[in-house]
């Protein structure tokens with residue numbers, strides 16, 4: 001098939017030559033090896049920590065040191081609340097509208113304090129504390145024990161069939177604490193907050209499958225929520241030496257018990273005002289993108305006053321504009337800045 005020019009493609013689709021590069025999909029049914037553009041910074045799924053570890057393993061310390069900075073903009077009052085929770089070793093209970101940065105706060109803390117990858121537990125109506133602490137694959141161990149050759153080793157090493165969940169991994173003994181994100185706890189069972197509170201108050205939990213082992217197997221190295229990493233468990237007890245930095249998010253779908261709230265430090269993230277929105281845009285996309293965003297910020301604030309919008313919707317609009325998209329008020333912009341509470 002002959003190579004088509006940008007002018008031909010623009011004529012076929014109604015696009016101008018100005019935005020032909022932006023329209024990698026043109027809806028004309030023609031196959032083309034179009035280059036996929038870079039994703040927005042907030043939609044890259046390889047963490048900076050993994051990038052740094054890959055660079056270190058490749059013997060490139062300079063690349064490992066050139067880690068991209070997380071851009072999280074907070075008021076002084078909000079950062080004071082975060083610091084209070086860290087000093088008090090209490091969970092941080094974060095509320096606010098969608099898009100105010102509740103979940104990404106955990107990543108910002110982990111990055112700034114150099115505490116490694118965030119341990120993430122997304123809660124839903126079927127979530128149980130058991131799965132967040134550990135899972136034991138008894139059937140897998142039984143099947144491995146029935147195999148020839150390595151059967152005896154498989155039966156003996158129970159640690160290969162027991163994996164700590166995000167909460168369990170956060171309570172493993174370590175010199176420095178980990179950051180644990182318990183995301184949307186209000187979606188869970190009504191008893192889940194109090195079950196979780198018991199573990200957080202004691203800073204430990206027991207694994208009965210390990211505590212029942214004979215004395216010669218009192219130390220077991222189990223799998224963790226961190227890929228390719230194992231942790232030592234003695235006599236079936238996981239006991240933290242450093243209480244994790246716990247960030248619990250809630251969308252306010254229901255209230256938590258008073259006993260649970262009493263042991264948390266509450267943080268209500270407000271919708272960012274115009275100066276903070278501009279700081280967020282510049283932090284994520286740079287000053288050039290911010291210079292093109294005046295009308296988008298104005299449109300966002302006007303529409304947010306009429307219905308619920310999320311800050312990342314504005315970032316999406318600015319990113320598209322900076323990439324060459326035409327954002328007309330009655331076209332693409334309406335799709336990007338759609339109201340979240342619309343019927």
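Since every read-out is calculated from the coordinates, none of them should be taken as a lab result. No experiment lies behind these values; they were computed from the predicted model shown. Cβ sites come from the backbone with ideal geometry, for glycine too, and all protein chains shown count toward neighbours.
Brief remarks on what is shown
- Segments 315-326, 167-178 sorted - mean Cβ within 10 Å per residue, highest first: 167-178, 315-326
- If R0 is 45 Å, the Cβ-Cβ spacing of residue 135 and residue 294 corresponds to a FRET efficiency of close to 0.30.
- Whole-number percent relative contact order across the range 189-343, with pairs defined as alpha carbons under 8 Å at least 6 apart: 16
- For a label point 7 Å along the Cα-to-beta-carbon line of residue 38, residues of the range 278-317 with backbone N under 15 Å: 283-290
- For the range 272-336: relative contact order, % (alpha-carbon pairs under 8 angstrom, 6 or more apart): 31
- Overall form of the range 272-336 per C-alpha gyration tensor (a/c, 1.5; a/b vs b/c): oblate
- Counted residue by residue at 0.36 nm each, then reduced by the alpha carbon distance between them, the extension gain from residue 263 to residue 305 reaches 11.7 nm.
- Using a Förster distance of 25 Å, the FRET efficiency for residue 114-residue 237 (Cβ separation, nearest 0.05): 0.30
- Taking a ≥ b ≥ c as the square roots of the eigenvalues of the Cα gyration tensor, the range 148-258 is classed as prolate, since a/c reaches at least 1.5 and a/b is larger than b/c.
- Overall size of the range 76-269 from C-alpha positions, given as principal axis extents largest first: 61, 33, 27 Å.
- The distance from the alpha carbon centre of the range 213-248 to that of the range 69-123 is 25 Å, rounded to a whole number.
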